[in-house]
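Engineer: Handing you this structure, nothing more for now.
The values are calculated or read from the model by the stated rules, or taken from the named source; none is laboratory data. Source: prediction; values computed, not measured. Here the Cβ is made from the backbone with ideal geometry for all residues, glycine too, and neighbour counts use every protein chain on show. To get the accessible areas, we keep the full protein, side chains included, count just its heavy atoms, and leave off ligands, DNA and RNA. Shrake-Rupley method; radii C 1.70, N 1.55, O 1.52, S 1.80 Å.
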Protein chains: 2
Amino acid sequence: MKFAPRLTIEQVEEGQQLAPRFDADGLIPAVTTDYASGELLMHGYMNREALQLTIKTGQAHYFSRSRQALWHKGATSGLVQTVRELMVDDDQDCIWLRVDVAGGASCHVGYRSCFYRRIPLGSDQDEVTLEFTDTEKVFDPAEVYGDAPNPTKL
Amino acid sequence: MKFAPRLTIEQVEEGQQLAPRFDADGLIPAVTTDYASGELLMHGYMNREALQLTIKTGQAHYFSRSRQALWHKGATSGLVQTVRELMVDDDQDCIWLRVDVAGGASCHVGYRSCFYRRIPLGSDQDEVTLEFTDTEKVFDPAEVYGDAPNPTKL
């Protein structure tokens, strides 16, 4: 599968050719929402191969920056994401995946979504205190991932 | 307003301090969805100042990479985004804005969302033909932006 070369703004914005823009590291951001609820599940990255495999197989593939490797989401955890709809944005530098998640969780910390903390608005405080919007983990990361290294970078 | 230093994985993932991770360019990706419909409207970036202003004012601020400048969304177009809920992800390297959009459009091409084209799945074709999911523009970009340069980069 080939992606089209990016020749004109009109082609990229208003055309029907898939001509994604990969950044200097060869990556394009990928935003993943739950098909049914619309909830934002995760924000990741794809390289060319991950995008091609996602299109071909209908299952979400990403590129793991922490592991520097192609990442078939759910290969370890079983929490496979079945893509119901795949979209590209105006300038084709972002991919949107609308997915069903096997097992109902997407976050390596064990929550349903990676987004389980709210930033309060209107604050002019020196420090911001996050509010948990989800406190119940769907799974125990230690059981699922064992001693695999945590992907979070400080 | 200060952001907390990132000291441990537990603090970042399970704590209540806002300790965002900005990349080498000082940016953090920001995902913006429509509060009512859940639709993905845009994918942008914030620098420290944009995030601080968004928290303080409750209106979406981004950092424009094409213009290399702080960007109060809607300052030119009037399509201001009022933040209803602001979230941060597990490792605090992504911000999620749930917004109401004045005027109902978020995309500089004139569509309601930046995501108006679908990538068909299961294709093993050499070329991918995008499908338009939205063909009606909410506004005429030429009228709104005049001769301001198009932000799309080839």
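Engineer: Between B:Thr76 and the same site in the other copies, what are the distances in nm, shortest first, taking label points 7 Å from Cα along the C-beta direction?
Structural biologist: 4.3
Engineer: Considering chain A as a Gaussian network with a 10 Å cut-off on Cα pairs, which listed residue, A:Asp90, A:Asp25, A:Asp140, attains the greatest mean-square fluctuation?
Structural biologist: A:Asp25
Engineer: Now for a separate question. What angle, in degrees between 0 and 90 and rounded to the nearest 10, separates the Cα long axis of helix B:48-57 from the longest principal axis of the Cα atoms of chain B?
Structural biologist: 90
Engineer: Sticking with this one: Under the convention of a label 7 Å out along Cα→Cβ, give the distances in nm from B:Gln11 to the same position in every other copy, shortest first.
Structural biologist: Spacings between copies for this position, smallest first, are 5.0 nm.
Engineer: In chain B, what residue has the beta-carbon at the shortest distance from the axis of the rotation relating B to A, and what is that distance in angstrom, rounded to the whole number?
Structural biologist: Here the value is B:Gly38, 1.
Engineer: Then there's this: Between copies, how close do the A:Thr133 label points come, placed 7 Å along Cα→Cβ, listed in nm from shortest?
Structural biologist: Taking the point 7 Å beyond Cα along Cα→Cβ, the inter-copy spacings are 2.0 nm.
Engineer: Further question on the same structure: In Å², and per residue, what accessible area does the protein assembly as shown have when probed at 1.4 Å with the other protein chains present?
Structural biologist: Computed with neighbouring chains in place, this is 45 Å² per residue.
Engineer: Go ahead and set up a Gaussian network model of chain B, Cα springs under 10 Å, then flag whichever of B:Leu70, B:Leu121, B:Leu97 fluctuates most.
Structural biologist: B:Leu121
Engineer: To continue, here is another question. In the structure displayed, which of A:Lys73/B:Lys2; B:Lys73/B:Lys153; A:Lys73/A:Lys153; B:Lys73/B:Lys137; A:Lys153/B:Lys2; A:Lys2/A:Lys56 lie more than 24 Å apart, Cα to Cα?
Structural biologist: A:Lys73/B:Lys2
Engineer: Something else: Give me the percent relative contact order of segment B:63-104, please, defined on Cα pairs under 8 angstrom at least 6 residues apart.
Structural biologist: 32
Engineer: Provide the percentage of antiparallel DSSP beta bridges, counting only those with both residues in segment B:1-139; round to the nearest 5.
Structural biologist: 80
Engineer: How high is the relative contact order of segment B:38-86, given as a whole-number percent (alpha carbon pairs under 8 Å, six or more residues apart)?
Structural biologist: 29
Engineer: To continue, here is another question. Pop a pseudo-label 7 angstrom from the Cα along the beta-carbon direction at both A:Asp25 and B:Ser37 and give the gap in nm to one decimal.
Structural biologist: In this crude spin-label approximation the distance works out to 3.2 nm.
Engineer: Report the accessible surface area buried between chains A and B, summing both sides, using a 1.4 Å probe on protein heavy atoms only, in Å² rounded to the nearest 100.
Structural biologist: Approximately 6300 Å² gets buried when A meets B.
Engineer: Roughly speaking, to the nearest percent, how much of segment B:9-149's 1.4 Å accessible area is carbon and sulfur?
Structural biologist: Exposed carbon and sulfur together represent 43 percent of the surface.
Engineer: Right, next: Determine the relative contact order of chain A: mean sequence separation of Cα pairs under 8 Å and six or more apart, normalised by residue count, in whole percent.
Structural biologist: This gives 19 percent for chain A.
Engineer: Moving to a separate point now. Suppose R0 equals 45 Å; then what is the FRET efficiency for B:Tyr145 and B:Gln11 from their Cβ-Cβ distance, rounded to the nearest 0.05?
Structural biologist: 0.55
Engineer: When the helix-only estimate is applied to chain B (DSSP H runs of n ≥ 4, each -39,500 (n - 2.57), divided by the residue count), what is the mean residue ellipticity at 222 nm, nearest 500 deg cm²/dmol?
Structural biologist: Helix-only estimate at 222 nm: -3500 deg cm²/dmol.
Engineer: Right, here's the next one. For segment A:101-142, state which trypsin sites (Lys or Arg not before Pro) are in a DSSP loop and have at most 14 other beta carbons lying within 10 Å of their beta carbon.
Structural biologist: A:Lys137
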